[in-house]
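A.B. asks: Before we start, here is the structure in question, set down as structure tokens.
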Number of protein chains: 2
Amino acid sequence: MKGIEPFGDRLLARVDEKHSCSVVGLDPDYARIPEVFKGPANSSGGRSFRCMADSIIAFNRCIIDVAAPLVPAVKPQIAYYEMYGLEGMRAFVETVSYAKEKGLLVIGDVKRNDIGSTAGAYSTAYLGGVAMGEGTVETGFDVDAVTVNAFLGWDGVRPFMEDAVRYGKGVFILVKTSNPSSAEFQDLRLADGGAPLYEWVARKVHEWGQNAVGRRGYSSLGAVVGATYPAHARALRSLMPRAIFLVPGYGAQGGAGKDIVACFNEDGYGALVNASRSINYPHGQDLSISLEEFKQRVREAVLAMNADIDGSLRSAGRKG
Amino acid sequence: MKGIEPFGDRLLARVDEKHSCSVVGLDPDYARIPEVFKGPANSSGGRSFRCMADSIIAFNRCIIDVAAPLVPAVKPQIAYYEMYGLEGMRAFVETVSYAKEKGLLVIGDVKRNDIGSTAGAYSTAYLGGVAMGEGTVETGFDVDAVTVNAFLGWDGVRPFMEDAVRYGKGVFILVKTSNPSSAEFQDLRLADGGAPLYEWVARKVHEWGQNAVGRRGYSSLGAVVGATYPAHARALRSLMPRAIFLVPGYGAQGGAGKDIVACFNEDGYGALVNASRSINYPHGQDLSISLEEFKQRVREAVLAMNADIDGSLRSAGRKG
């Protein structure tokens, strides 16, 4: 661990540098990408995953160029790369690498989960690495943090946490998600005490993350908490004071700045707010938008989000 | 849907044809693969993901050749491919394609999960496909069935089920896993009725799968039920009479034929039993094993598993 900066500290440094706790989701849906990013082969019916992946890379690089000075991190959702097969995974790798080059942290929204040794293999893929001989270690899809589904319990989470501590990486556990049917299991009341399941998961996140708290007071183990349920956020914030909340659901999914204030601590830190669709597709159905106009709209969307969150935090007295 | 054979029927036809309900896991760990599958570059210190992936492909093809006449399906665990990066994913694609060529069904053990539209992207990657123009659809990682973690509720499962029905594919929901800490969340007692959470998940699996039951009485929606908890299996079998159980944990994880009888229905169907390590690594630490000897050991391990399960079912009167 010597010399490795814990994830919480690395992240807060970027938040301070960019004056933002916004995260730009990178969820490329080929059908919604402006024509300007598509080569001639794509439009002439000669489509292939390779062409699609090239368009996705160009599209993401453009968004990253605009976002890099304005936000601390991006969050590619890997499902939108896996759907384009091996070429899509190549686009994921190139996107991650470009974002890092531009000084952004990368949160791989992978929601991986499995039992002990297999969870270890996933962790190796995203946070750790494979020994290649002569002391070198190579990582297949090397990101700064991942999302993890903890339904399998601690031995499915531990391998990720071990790599997180060793390599200065972060882990975000799904606690309360932002979709309509998240209540189906997550809100079930437990016989022992009557609290909902998601609060029990939150207690475990706090417990599991206690030994990974950095200099600035935040753990390498964070939590995914949907912005669509601000009432839940308050309870969860007090159950997990050391956890950084990754808050999806801002923008297109309905959350707004005032809804997410409860996800922050009194110090004005403790949450990252993600928006994907509102920043990836500010052009709506207008696929013939020009490159300059697209860049402008992406920039406006990021700035508006930063201002909305910043204003809401100031109104609530959580920012000096 | 016209002309598409439901997954339950496709699977039972293979079970009848092979006289087996065993599934061979394909969980390649490069460090445990016999030297005979490794090229000169691999041993000389000039390692790369590409060399490792080539070894994995050769290793898997050998196991598939041996297993194809003896079992209905294989189950590659995708974490063991993702850990070798893009090259590992290439090995996954080649393994899936070779297994299908040899007449095996392929269950992608991917445990994917996300909210609505993103769950749809995962389903597109593994069960559905991307429209490529001119009426063709291409699927990135085209398997016959996947495992899914349902912690996010029905809108995270529905896209998989829609593709399953449309394309004759299968979905297995994690209900009760085989790892030691699975009790941490899955066994929590619920306030409403006092049953454990995993039984509540089981009820949902039954409900969600009711409209996808094939001619032979089994649904396209199955359940992952760990063999390490035979007492649970009995209760779950009665809660999900139409579900095919995918039972991991046979062999190396401690389960035996007698433990998994409760996963089957009275008709002798209704469960697939998976073994990975005992069949992938019958050579233990002896990496210098010859090709012929390795094949022989794999064959013996598969035959022993088939005989153990068959004998246990006959003893229990569940097979004619």
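A.B. asks: Considering only residues of region B:140-159 that are closer than 15 Å to A:Y80 by Cα and within 19 Å of the chain's Cα centre (by Cα), which is surrounded by the fewest Cβ atoms within 10 Å (Cβ to Cβ)?
C.D. replies: B:G140
A.B. asks: Scan the helices (runs of 4 or more DSSP H) fully inside region B:255-320 and keep the ones with 3 or more residues being on the phi < 0 side of the Ramachandran plot and of a type in the set (S, T, N, Q).
C.D. replies: Hits in region B:255-320: B:291-315.
A.B. asks: Continuing with this model, one more query. Could we say that B:N306 is over 15 Å from the mean Cα position of the chain (by Cα), crowded, with 16+ Cβ neighbours inside 10 Å and modelled with pLDDT of 95 or more here?
C.D. replies: For B:N306, the condition - over 15 Å from the mean Cα position of the chain (by Cα), crowded, with 16+ Cβ neighbours inside 10 Å and modelled with pLDDT of 95 or more - is met.
A.B. asks: Show me the helices (runs of 4 or more DSSP H) found entirely inside region A:72-141 where at least 1 residues are more than 7 Å from chain B (Cβ to nearest Cβ) and small (G, A, S).
C.D. replies: Because the criterion is at least 1 residues that are more than 7 Å from chain B (Cβ to nearest Cβ) and small (G, A, S), the helices (runs of 4 or more DSSP H) in region A:72-141 that meet it are A:85-101, A:116-126.
A.B. asks: With the structure loaded, tell me whether B:V171 is away from chain A (no Cβ under 12 Å), in contact with a Ser or Thr (Cβ under 7 Å, 6 or more places away or on another chain), buried (at least 17 other Cβ atoms within 10 Å of the Cβ) and assigned to a helix (DSSP H, G or I) or whether it fails that test.
C.D. replies: no
A.B. asks: So, in region B:1-26, how many residues would count as being within 14 Å of the chain's Cα centre (by Cα) and assigned to a loop (DSSP other than H, G, I, E, B)?
C.D. replies: 1
A.B. asks: Condition first: touching a helix residue (DSSP H, G or I) at 6+ places or on another chain (Cβ under 8 Å), part of a helix (DSSP H, G or I) and within 24 Å of B:A150 (Cβ to Cβ). Can you find one or more residues in region A:143-155 that meet it?
C.D. replies: Taking every residue of region A:143-155 in turn, at least one turns out to be touching a helix residue (DSSP H, G or I) at 6+ places or on another chain (Cβ under 8 Å), part of a helix (DSSP H, G or I) and within 24 Å of B:A150 (Cβ to Cβ).
A.B. asks: Further, regarding this structure: For region A:264-308, what are the residues that are closer than 27 Å to A:P28 by Cα and in contact with a strand residue (DSSP E or B) (Cβ under 6 Å, 6 or more places away or on another chain)?
C.D. replies: A:A271, A:L272, A:V273, A:N274, A:A275, A:S276, A:I279, A:M305, A:N306 - these are the residues of region A:264-308 that are closer than 27 Å to A:P28 by Cα and in contact with a strand residue (DSSP E or B) (Cβ under 6 Å, 6 or more places away or on another chain).
A.B. asks: Here's a follow-up. Looking at B:R299, B:R234, B:R215, B:R277 in this structure, which one is in contact (Cβ under 8 Å) with a residue 60 or more places away in the chain, open to solvent by 60 Å² or more (accessible area, probe 1.4 Å) and within 25 Å of B:K176 (Cα to Cα)?
C.D. replies: On inspection, the qualifying residue turns out to be B:R277.
A.B. asks: A follow-up question, please. Quick one: how many residues across region A:188-212 are over 22 Å from A:V146 (Cβ atoms) and in contact (Cβ under 8 Å) with a residue 24 or more places away in the chain?
C.D. replies: 1
A.B. asks: What is the residue count in region B:147-168 for residues that are more than 8 Å from chain A (Cβ to nearest Cβ) and either under 16 Å from B:G214 (Cα atoms) or in contact with an Asp or Glu (Cβ under 8 Å, 6 or more places away or on another chain) (or both)?
C.D. replies: Residues meeting the conditions: 9.
A.B. asks: Now a separate question. Are any of the residues in region B:97-110 touching a strand residue (DSSP E or B) at 6+ places or on another chain (Cβ under 7 Å), polar (S, T, N, Q) and either under 28 Å from B:H19 (Cβ atoms) or at pLDDT 95 or above (or both)?
C.D. replies: No, region B:97-110 contains no residue that is touching a strand residue (DSSP E or B) at 6+ places or on another chain (Cβ under 7 Å), polar (S, T, N, Q) and either under 28 Å from B:H19 (Cβ atoms) or at pLDDT 95 or above (or both).
A.B. asks: Hey, does region A:179-192 have a residue that's at pLDDT 95 or above, aromatic (F, W, Y) and open to solvent by 10 Å² or more (accessible area, probe 1.4 Å)?
C.D. replies: Within region A:179-192, none of the residues are at pLDDT 95 or above, aromatic (F, W, Y) and open to solvent by 10 Å² or more (accessible area, probe 1.4 Å).
A.B. asks: Quick check on B:T177: is it within 17 Å of the chain's Cα centre (by Cα) and either of a type in the set (A, V, I, L, M) or more than 7 Å from chain A (Cβ to nearest Cβ) (or both)?
C.D. replies: No.
A.B. asks: Evaluate region A:184-198: report whether one residue or more is within 18 Å of the chain's Cα centre (by Cα) and assigned to a helix (DSSP H, G or I).
C.D. replies: For region A:184-198, residues within 18 Å of the chain's Cα centre (by Cα) and assigned to a helix (DSSP H, G or I): absent.
The values are calculated or read from the model by the stated rules, or taken from the named source; none is laboratory data. Bear in mind the structure is a predicted one, so any value in this text is a computation, not a measurement. Because the Cβ atoms are built from the backbone with ideal geometry, glycine has one as well, and the counts that use them run over all protein chains shown. What goes into the accessible areas is simple: the full protein's heavy atoms, side chains included, and nothing from ligands, DNA or RNA. Shrake-Rupley method; radii C 1.70, N 1.55, O 1.52, S 1.80 Å.
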